[in-house]
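Chemist: Here it is, the structure, as structure tokens.
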Number of protein chains: 2
Amino acid sequence: MQQPIAILDSGVGGLTVVKEVMRQLPREKIIYFGDTARAPYGPRPSEEVLRFTREIVDYLIQYDPKMIVIACNTATAVALQDIRSKVNIPVVGVIYPGARAAIGRTQTGYVGVIGTEGTINSGAYDAALKRLRPDIEVLSKACPKFVPLVERGNFRSAETYDAVESSLIGLKGSSIDCLILGCTHYPYLADTISEVMGPEVTLISSADETAREISTILHDQGKLSRNEPVPIHHFCCSGDPRMFKSIAQQWLNKEIELTPVVWQVPKIG
Amino acid sequence: MQQPIAILDSGVGGLTVVKEVMRQLPREKIIYFGDTARAPYGPRPSEEVLRFTREIVDYLIQYDPKMIVIACNTATAVALQDIRSKVNIPVVGVIYPGARAAIGRTQTGYVGVIGTEGTINSGAYDAALKRLRPDIEVLSKACPKFVPLVERGNFRSAETYDAVESSLIGLKGSSIDCLILGCTHYPYLADTISEVMGPEVTLISSADETAREISTILHDQGKLSRNEPVPIHHFCCSGDPRMFKSIAQQWLNKEIELTPVVWQVPKIG
């Protein structure tokens, strides 16, 4: 029985990590949980995000995963250390992978970070970047307009361009040469963000970089799958399964089967 | 007492990894061993490379390192699995980091690899790339002219351009969109290689990517240093210390102190 990688998110944003794991590690089996009934986590108190994350981890542990990936910036900022201390398998978040990639690529030593208000206000990226390299200069900006654009599928339009341009004032023309897309939704706006920022600024996708680190850690632990592709992945969500399935299939560009959630997630407003 | 990262190489090429670790992880202390008396490893039989690598690891273990980095493609190809089975700390080579970075970045699925004849003939990069993603297409090319150019400090000249252009025939104009610099010397020729290959081809430096994976694994294990910079690094070599020190200071662009090698490495032709 092939042990899966368990990937969790507040909703559908973590599917960008799923897509990259499928591409970079096609032999790995995935079990995904999207807490769509309680998304978004951003505006919730930390205690609630921590409790929700623990509940989902408890649920996913029954699948005997070899690793847990918290594919949500808010939950990573709040719950990563707690979950790490509670399970005896590796736990990977989305913040350090992006921070490490930016440190690897920046030549100027100035790194930009964009994310939801929750993520930016948590200061988690600043802390991670300075933990690794204390002399790094970080310019952060919350971009609350981006997630609604992505969730409406509005990736490329005049409205999107205007929203991106106005959101990135202060970053464009600064000394940054790397910009971390600190929200799992933002890779869908990468073309527009890149157009606004110009070719000198490298965009860092948390999703790509997290998949890369999943590979590194599984390899270090001798736990990379040797199975032949294609594994059958499992997807589950706490909210409307039809809507989740429709979005997931569109984003992953393939048919998926939903696994019914046996444990009923409490519907807390 | 801060535990160091032990980095070993057949000679001076591994200093490109040292430079990147200093940049990406400035809080980490390094102990470096360059086996300059017995370099290069490329033309030696595998049994000899394995024995030399074991000897150096035995020597470095006395410094109580928290990780061993085999910063030499030949030694990684031959000895990584053996060393991993013998020590109870993480052992990182330079091949998988480059392979993972290429898989993360390629859009075409075609990846180029250049290295010494020993590395290319070992097929180690092909194996690593296909182990991770079986459908990847790999184009490899040995570039025996490159190391002598680098060791003479001839990074940018008409001679260098001609050597690079003639060596990369077969790769230029192919479907590859990533080119792995599969030799620790090659980053010094990156500007010329990039000029020949054109802007559509992303160069992957093993040194950068290995430093990144060192960060990932130390972080996963809760072993990142919390010390304030700047740690005092130790450098030792088995050959002429003055020559080593001169090259190391030039490459690292800083003053270094050489640590005398107490254990006399056998001078085997």
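The values are calculated or read from the model by the stated rules, or taken from the named source; none is laboratory data. Note that this is a predicted model, so its numbers are computed, not measured. Heads up, the Cβs are rebuilt from the backbone with ideal geometry, glycines too, and the neighbour counts pull from every protein chain shown.
Chemist: In segment A:170-222, which residue that is among the charged types (D, E, K, R) and without any contact (Cβ under 8 Å) to a residue 24 or more places away in the chain is farthest from B:ILE217 (Cα to Cα)?
Modeler: Filtering segment A:170-222 for residues that are among the charged types (D, E, K, R) and without any contact (Cβ under 8 Å) to a residue 24 or more places away in the chain, the one farthest from B:ILE217 (Cα to Cα) comes out as A:GLU200.
Chemist: Further question: Within segment B:210-227, take every residue that is of a type outside the set (Val, Ile, Thr) and under 16 Å from the mean Cα position of the chain (by Cα) and give me the one that is surrounded by the fewest Cβ atoms within 10 Å (Cβ to Cβ).
Modeler: B:SER215
Chemist: Please specify each residue of segment A:83-103 satisfying the condition of being surrounded by fewer than 21 Cβ atoms within 10 Å (Cβ to Cβ) and facing chain B (nearest Cβ under 9 Å).
Modeler: A:ARG84
Chemist: Go through segment A:12-28 residue by residue and tally those that are touching a Pro at 6+ places or on another chain (Cβ under 6 Å) and either crowded, with 20+ Cβ neighbours inside 10 Å or within 18 Å of A:THR74 (Cβ to Cβ) (or both).
Modeler: 1
Chemist: Name every residue in segment A:227-257 that is of a type in the set (Ser, Thr, Tyr) and under 19 Å from A:LEU8 (Cβ atoms), in order of residue number.
Modeler: Filtering segment A:227-257 down to residues of a type in the set (Ser, Thr, Tyr) leaves A:238, A:246.
Hit for segment A:227-257 is A:SER238, nothing else.
Chemist: Among B:ILE247, B:ILE214, B:ILE256, which is the only one that is at pLDDT 90 or above and either within 30 Å of B:LEU171 (Cβ to Cβ) or in a helix (DSSP H, G or I) (or both)? If you could, list the steps in order and put the result at the bottom.
Modeler: Details: B:ILE247 fails: at pLDDT 90 or above; B:ILE256 fails: either within 30 Å of B:LEU171 (Cβ to Cβ) or in a helix (DSSP H, G or I) (or both).
Just a single option satisfies the conditions, and that option is B:ILE214.
Chemist: For B:ALA190, are the conditions met, namely being of a type outside the set (D, E, K, R), crowded, with 19+ Cβ neighbours inside 10 Å and assigned to a helix (DSSP H, G or I)?
Modeler: Here the answer is no, as B:ALA190 does not meet what is asked.
Chemist: Here is a follow-up. Do we find a residue being of a type in the set (D, E, K, R), touching a Lys or Arg at 6+ places or on another chain (Cβ under 9 Å) and outside any loop (DSSP other than H, G, I, E, B) anywhere in segment A:164-180?
Modeler: Step one: of segment A:164-180, the residues of a type in the set (D, E, K, R) are A:165, A:172, A:177.
Remaining after also requiring touching a Lys or Arg at 6+ places or on another chain (Cβ under 9 Å): A:165, A:177.
With the extra rule that they be outside any loop (DSSP other than H, G, I, E, B), the set shrinks to A:165.
Yes: one or more hits.
Chemist: Inspect segment A:122-131 for any residue being among the acidic types (Asp, Glu) and at pLDDT below 95 and give the result as yes or no.
Modeler: Checking segment A:122-131: not a single residue is among the acidic types (Asp, Glu) and at pLDDT below 95.
Chemist: Would you say B:PRO199 is within 14 Å of chain A (Cβ to nearest Cβ) and in a loop (DSSP other than H, G, I, E, B)?
Modeler: On the way: within 14 Å of chain A (Cβ to nearest Cβ): yes; in a loop (DSSP other than H, G, I, E, B): yes.
So B:PRO199 passes the test.
Chemist: Where in segment B:1-119 are there helices (runs of 4 or more DSSP H), lying wholly inside it, with at least 1 residues that are out of contact with any His (no Cβ under 6 Å at 6 or more places or on another chain), modelled with pLDDT under 95 and over 28 Å from B:SER175 (Cα atoms)?
Modeler: Those helices (runs of 4 or more DSSP H) span B:15-24, B:46-61, B:73-86.
Chemist: What's the total number of residues in segment A:230-248 that are in contact (Cβ under 8 Å) with a residue 40 or more places away in the chain, surrounded by fewer than 16 Cβ atoms within 10 Å (Cβ to Cβ) and not β-branched (Val, Ile, Thr)?
Modeler: Total meeting the criteria: 2.
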